[in-house]
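Written below as structure tokens is the structure these notes are about.
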Amino acid sequence: MPPKPSARARLALKALALALSGLACTAAAQSNISEDDLALAYGDKTTISIATGHAQTLNRAPAVATVITAEDIAAMGATDLDEVLETVPGLHVSRSSVRYAATYLIRGIGGGTQTNSQVLLLQNGVPTTTMFGGDKGSAWRGTAVENIARIEVIRGPGSALYGADAYAGVINIVTKTANAAPGTELGLRAGSFGARDAWVQHGGKAGGADIAAFLRVGGTDGLRETIAADAQTRNDRLFGTRASFAPGPVNAGYDAIDGSLTASYGNWRANGAYKLRDRLGTGAGVSSALVAGSLGRAEVFTGDLGWSDLNFGENWGLGFNLSHLQYNFTYPENLMLLPPGTRLASGSFPDGLIGGPNQWERQTRLSAFANYAGFAGHALRFGLGHDDLDLYRTRTMKNYFLNAAGAPVPTGPVIDYSDIQPFIRPQRRKIDYLYAQDEWSLARDWTLTAGLRHDSYSDFGGTTNPRLALVWEAAHDLTAKLLYGTAFRAPSFNEQYGINPVSNGNPGLKPETVRTLEAALAWRLRPEAHVSLSVFRYAMQNLIRIVANPAPAPGATFQNTGGQNGYGTELEGTWDVARNLRLSGHYAYQHSADETTGRDAGYTPRHHLYARADWRFGDGWLLGGQANRVAGRQRGPGDARAPVPDYTTVDVILRSPASRKGWSVAASVRNLFDATVLEPSLAPGLLLPDDLPMAPRTFWLQLGHRL
Amino acid sequence: MTYKLFVACLVWGATALALAHTGPVPHRVATTFAHVDAWSTAAVAGIVQSIENDEGSPPAQWPIFLVENALSVRGAVRLAYVGGDGALGASGIAVLFPDIGEPYRAVFNKIIEGIEDKTKARVASFPVGIDADPAEIGAELRKQDIRVVIALGKHGLKAAVSLDPKIEVVAGAVLAVGEAEAKNNTVVSLAPDPTLLFARLKAMQPETRRVTVVYDPAQSDWLIRLARAAAKTHGVELNALAAGDLKAALRQYRDFFAGCGKNDALWLPQDSTTVEDSAVLPLVLKESWDRGIPLFSSSVAHVRRGVLFSLYPNNVELGRLLAHSALGYLGNGSRPAKGMLPLRDVMAAVNTRTASHLGINLRQQSFDLFLPEP
């Protein structure tokens, strides 16, 4: 039975109803001026937003891709990146029990771990990957969407262009330039669970340069859904203690600051950005046990400088980019792994089992490219680069010592173990790479794109990855693509050098690899209706997994072992039913199985169905609704629990246009029917016997002002 | 949480105030009302006073937003303008534009940005509602000592032509106007100049010898006259086929495709009779593709759907051009030339897929917009 709405929820409902009625009154009062001339000259909203945005480049490689614009984001009522990505065909956003971090599962790949290292996340083309975990790190919780101009998602392998971790897919976030967000905008939003955000965005000119600036301050107390039993519940049962905080709420709150400054001058562009996630809750616990406090702090400083001239001489285009990233992840008050009163076979921890893994990374990346179009029928692209990725400092604070079997032995108060038994020692990796791509017009309407990239790693050696794409423009309304590529995921520093007897690092690891074959059709049924279909098959090899050490040695170590095979299809469509009504949606199916056992790989949905309607009325009002169904999530290996329950959520959004004074209002209800949404806990379910509860029905209300 | 929210609000408000005081943004708001009852007059006067005192900080504007909307329901609000500092109206130029929502509001904002860039001063901008009172606008313009009005959109022009004839009118962001309006005013159309379209076509497809266009004389006669001259300049024959309704237009297109050859091209003007989305566009897109005929359009939205290329307004430059005409009059009293002018401040969009199909090498061309997106 669904829980009764709390007083806070009822208050939020009333506020929302009041806001909506106010909005409706304003809508009724808006003038209704028709400017057919403008429609004939400029077209619809999508065309205008593109045509008034920044000039684009012509460099792109064939792929199965989804592009989400700022207009799409506004129409779906998303307030953070994860909500946007859930709408991409073949991509499901799940959650790790650790800090409730988002994990992006693409085409059945990526489940069953606490990290998300099989997807490459780029910001303005620069990787965001942190080296310790090999994924985006902890600073991407609650990523604001207000300064995102577009999100490009490539499903399938991309290592031939992007290198490591462009494995299941590539997500590129393109932030707004001065042209995309001219003037000054302010926003304020409040929502369920104490969610609050305030931001200011400015686009303008300074001394001939285009300047775009963004500052956001916000955060949330986080959802408070209950974890019925956790890892400590099991310990309590085994050792007769009552230490567990379960049943108790998850800790999913955080404070956020995001700031960025972009300057463009001629062919030059410079970016500087700061990202802070402070007071990061531990989710369902770093050791799958609910704890109090233990708040994490993630900081990212990025800066990059780029120059490009796509018309450098008659047939040449040239460019380079230099970027730097500093990532700090710390626990200012240490990390509680198990709560006070914990007793284990190896000893008692009256103050709790306390750790404090802190890390500091810096990364410098330099890349350059050249385009050449001097050979008839060929468009060539060459590139090279050098990355210097340095986990230059680590600090380990804890009150225990891990014995050879990996069991924690109490050692008294918390002290600095950085020299005695750190969780990892500083590590550094250097990469040199080069690539070439040729887009060859074989015959009229036939194009073959062939690309090859070689990466040379200072630790595990070299890897070479090809990409082939045959594109046939079969008719004015039909395009067919056949794509093949390989990709790799580089082992993370934790997998190579982590110090923990139950998951020891292995310097001899090789990258995980994947080979993918895809076919895609894009069909424009009518000028206003578009359908696309893709089918794929992949084979993963050299998976990096934790394997028990050969007897009689205790513990376990990361090893390359086994593989996973999968296939599936994605069908998506968009239909502009009328100038003011758009319907869109997709259905994605995938089946992924362990190479050896043939069992479903688990965690990821076999079926993903999504539908959205955007209705514009009055002078720029938007009423949108979307439904999202996630179904067919099997358990991971060795997990006998029943499959993860399916769910369907429905969200609605209402947005006003800017008033003549520049004010606008928006309100949304997410998970309108209060569906129970669960994401799977890791197999076999011993530590967290129940799945991870996600947000119930939530609300937000937003006020915007354009100066 | 409350504390943090408060801090966030503080940052937000402080930033807003800082920007309002330092940036080149309007920060004085005045509102003119007609037919307002005593209660609302008093209420609004108080709020306007508070805004004047508060220099437009967002928290102070929030009440007026609510009151304004409440009054709007009563049909009381007629006209509002947003200006800045003492420069308001000091340029002697005002802009009348339709009080219309997004996405077109952004278009007008860009044009006004170009106007202000050229005048180097803030101009008084009046969003004109559907029930705007010309007498009220006229009174406000006189008060501001406005001598030239830049009228944008059909609605802006309609309001402008009803003003005192002593006020000069320069119009833009309209496709075509009636003869009387064209005779008495300078009107820069949204229709791209045919000579620019043909130049672009010849650069992409030099072998083109004949350009066919199906047009409704009632809508596009003026443009076709220009197109004939432009065709001569570029060494192509203009095959202009008149059609008074959709049925006739479809017949003309079918006849064209039945007899077209490799040196032909087809042009889609901004003509609501002969260029229509559900019947004409699918036909011309399919036939042009199958026969390898370059199909180009005066509407940029068609490029997304498969038309080879289009020219579309450079809104900022259009604003500068309109301001240039207005400043010329203010500077030396020279009245700008009357009549319809085609759009010459344009940007170019191309469909890469169609270009590839036609064997056109885009590397040797310069475009502002490449469609379709990946």
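The values are calculated or read from the model by the stated rules, or taken from the named source; none is laboratory data. Remember, it's a predicted structure, so these values are computed and weren't measured experimentally. Please note: Cβ atoms are built from the backbone with ideal geometry, for glycine as well, and neighbour counts cover all protein chains shown. The area values use the complete protein model at the heavy-atom level, side chains included, leaving out ligands, DNA and RNA. Shrake-Rupley method; radii C 1.70, N 1.55, O 1.52, S 1.80 Å.
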Quiz item: If A:Ser681 satisfies every condition in (1) among the polar types (S, T, N, Q); (2) within 30 Å of A:Leu238 (Cα to Cα); (3) in a strand (DSSP E or B) but one, which is the exception?
Solution: (3)
Exercise. Answer yes if at least one residue in the range A:481-488 is within 14 Å of chain B (Cβ to nearest Cβ) and either of a type in the set (A, V, I, L, M) or open to solvent by 50 Å² or more (accessible area, probe 1.4 Å) (or both), and no otherwise.
Key: yes
Exercise. Within the range A:445-460, identify whether any single residue is open to solvent by 30 Å² or more (accessible area, probe 1.4 Å) and within 14 Å of chain B (Cβ to nearest Cβ), and answer yes or no.
Key: yes
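I'm trying to understand the selection: among the residues of the range A:517-558, which are within 14 Å of A:Arg489 (Cα to Cα) and either among the hydroxyl-bearing types (Ser, Thr, Tyr) or assigned to a strand (DSSP E or B) (or both)?
Listed by number, the residues that qualify are A:Ala539, A:Met540, A:Gln541, A:Ile544, A:Arg545.
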Quiz item: If a residue has to be within 9 Å of another protein chain (Cβ to nearest Cβ), touching a residue at least 12 places away in the same chain (Cβ under 8 Å) and not in a loop (DSSP other than H, G, I, E, B) to count, how many in the range B:260-282 make the cut?
Solution: 1
Self-check item: Search result, residues across the range A:244-276 that are in a loop (DSSP other than H, G, I, E, B) and among the aromatic types (Phe, Trp, Tyr)
Solution: A:Phe245
Exercise. Could you please find all residues in the range A:144-158 being buried (at least 24 other Cβ atoms within 10 Å of the Cβ) and in a loop (DSSP other than H, G, I, E, B)?
Key: A:Asn147, A:Gly156, A:Pro157, A:Gly158
Self-check item: Matching option when the condition is of a type outside the set (Phe, Trp, Tyr) and buried (at least 23 other Cβ atoms within 10 Å of the Cβ), among B:Ser278, B:Ser297
Solution: B:Ser297
Quiz item: For the range A:469-478, does any single residue satisfy the condition of being within 25 Å of the chain's Cα centre (by Cα) and touching a residue at least 24 places away in the same chain (Cβ under 8 Å)?
Solution: no
Exercise. Return yes when A:Ala631 is modelled with pLDDT of 95 or more and within 30 Å of A:Leu543 (Cβ to Cβ) and no when it is not.
Key: yes
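Taking the options A:Ile424, A:Ile354, name whichever one is part of a loop (DSSP other than H, G, I, E, B) and either surrounded by fewer than 17 Cβ atoms within 10 Å (Cβ to Cβ) or at pLDDT 95 or above (or both). Please lay out each step first, then the result.
Numbers: A:Ile354 fails: part of a loop (DSSP other than H, G, I, E, B).
Among A:Ile424, A:Ile354, only A:Ile424 is part of a loop (DSSP other than H, G, I, E, B) and either surrounded by fewer than 17 Cβ atoms within 10 Å (Cβ to Cβ) or at pLDDT 95 or above (or both).
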Self-check item: Filter result for B:Glu237 (charged (D, E, K, R), closer than 18 Å to B:Ala355 by Cα, at pLDDT 95 or above and more than 22 Å from the chain's Cα centre (by Cα))
Solution: no
Self-check item: Residue match in the range B:268-275 (condition: closer than 21 Å to A:Leu478 by Cβ and not basic (Lys, Arg))
Solution: no
Quiz prompt | Qualifying residues in the range A:394-420 (those that are touching a Ser or Thr at 6+ places or on another chain (Cβ under 7 Å) and in a loop (DSSP other than H, G, I, E, B)) - the one least open to solvent (accessible area, probe 1.4 Å) | solution = A:Tyr417
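Taking the criterion of being within 30 Å of B:Asp277 (Cα to Cα) and part of a strand (DSSP E or B), would at least one residue in the range A:433-443 satisfy it?
no
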Quiz item: Since B:Ile224 meets every condition but one in (1) open to solvent by 10 Å² or more (accessible area, probe 1.4 Å); (2) more than 14 Å from every other protein chain (Cβ to nearest Cβ); (3) within 23 Å of A:Asp36 (Cα to Cα), which condition does it not meet?
Solution: (1)
Self-check item: From A:Ala74, A:Ala65, residue being in contact (Cβ under 8 Å) with a residue 24 or more places away in the chain, within 12 Å of chain B (Cβ to nearest Cβ) and in a helix (DSSP H, G or I)
Solution: A:Ala74
Quiz item: Restricting to the range A:176-185, what's the tally of residues that are assigned to a strand (DSSP E or B), open to solvent by 20 Å² or more (accessible area, probe 1.4 Å) and facing chain B (nearest Cβ under 8 Å)?
Solution: 1
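Which one of B:Val170, B:Val148, B:Val161 is of a type outside the set (D, E, K, R), touching an Asp or Glu at 6+ places or on another chain (Cβ under 7 Å), over 30 Å from B:Asn239 (Cα atoms) and touching a residue at least 40 places away in the same chain (Cβ under 8 Å)?
Only one candidate qualifies: B:Val148.
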Exercise. Considering every residue within the range A:641-649, establish whether at least one is closer than 19 Å to A:Asp690 by Cβ, touching a residue at least 12 places away in the same chain (Cβ under 8 Å) and open to solvent by less than 10 Å² (accessible area, probe 1.4 Å).
Key: yes
Practice problem: Give A:Asp255, A:Asp236 a once-over and let me know the one that is of a type outside the set (S, T, N, Q), within 21 Å of A:Ala292 (Cβ to Cβ), free of Cβ contacts under 8 Å to residues at least 60 places away in the same chain and facing chain B (nearest Cβ under 10 Å). | Solution: A:Asp255
Quiz prompt | Qualifying position, being open to solvent by 20 Å² or more (accessible area, probe 1.4 Å), assigned to a loop (DSSP other than H, G, I, E, B) and either without any contact (Cβ under 8 Å) to a residue 12 or more places away in the chain or not charged (D, E, K, R) (or both), among A:Leu223, A:Leu161, A:Leu188 | solution = A:Leu223
Exercise. Taking A:Lys510 as meeting all but one of (1) more than 14 Å from every other protein chain (Cβ to nearest Cβ); (2) crowded, with 17+ Cβ neighbours inside 10 Å; (3) in contact (Cβ under 8 Å) with a residue 40 or more places away in the chain, write down the number of the exception.
Key: (2)
Quiz item: Counting just the residues of the range B:179-217 that are within 14 Å of chain A (Cβ to nearest Cβ) and hydroxyl-bearing (Ser, Thr, Tyr), which one comes out least open to solvent (accessible area, probe 1.4 Å)?
Solution: B:Ser189
Quiz item: Taking the range A:303-343, which residues are more than 29 Å from A:Tyr162 (Cβ to Cβ) and either open to solvent by less than 30 Å² (accessible area, probe 1.4 Å) or not charged (D, E, K, R) (or both)?
Solution: A:Thr330, A:Tyr331, A:Pro332, A:Asn334, A:Leu335, A:Met336, A:Leu337, A:Leu338, A:Pro339, A:Pro340, A:Gly341, A:Thr342
Self-check item: Wholly enclosed strands (runs of 3 or more DSSP E) of the range B:157-259 bearing at least 3 residues within 30 Å of B:Leu362 (Cα to Cα)
Solution: B:186-192, B:210-215, B:237-242
Self-check item: Any chance A:Arg279 is within 23 Å of A:Pro413 (Cβ to Cβ) and in a strand (DSSP E or B)
Solution: no
Self-check item: Residue in the range A:669-678 that is under 29 Å from A:Gln232 (Cβ atoms), open to solvent by less than 20 Å² (accessible area, probe 1.4 Å) and not aliphatic (A, V, I, L, M) present
Solution: no
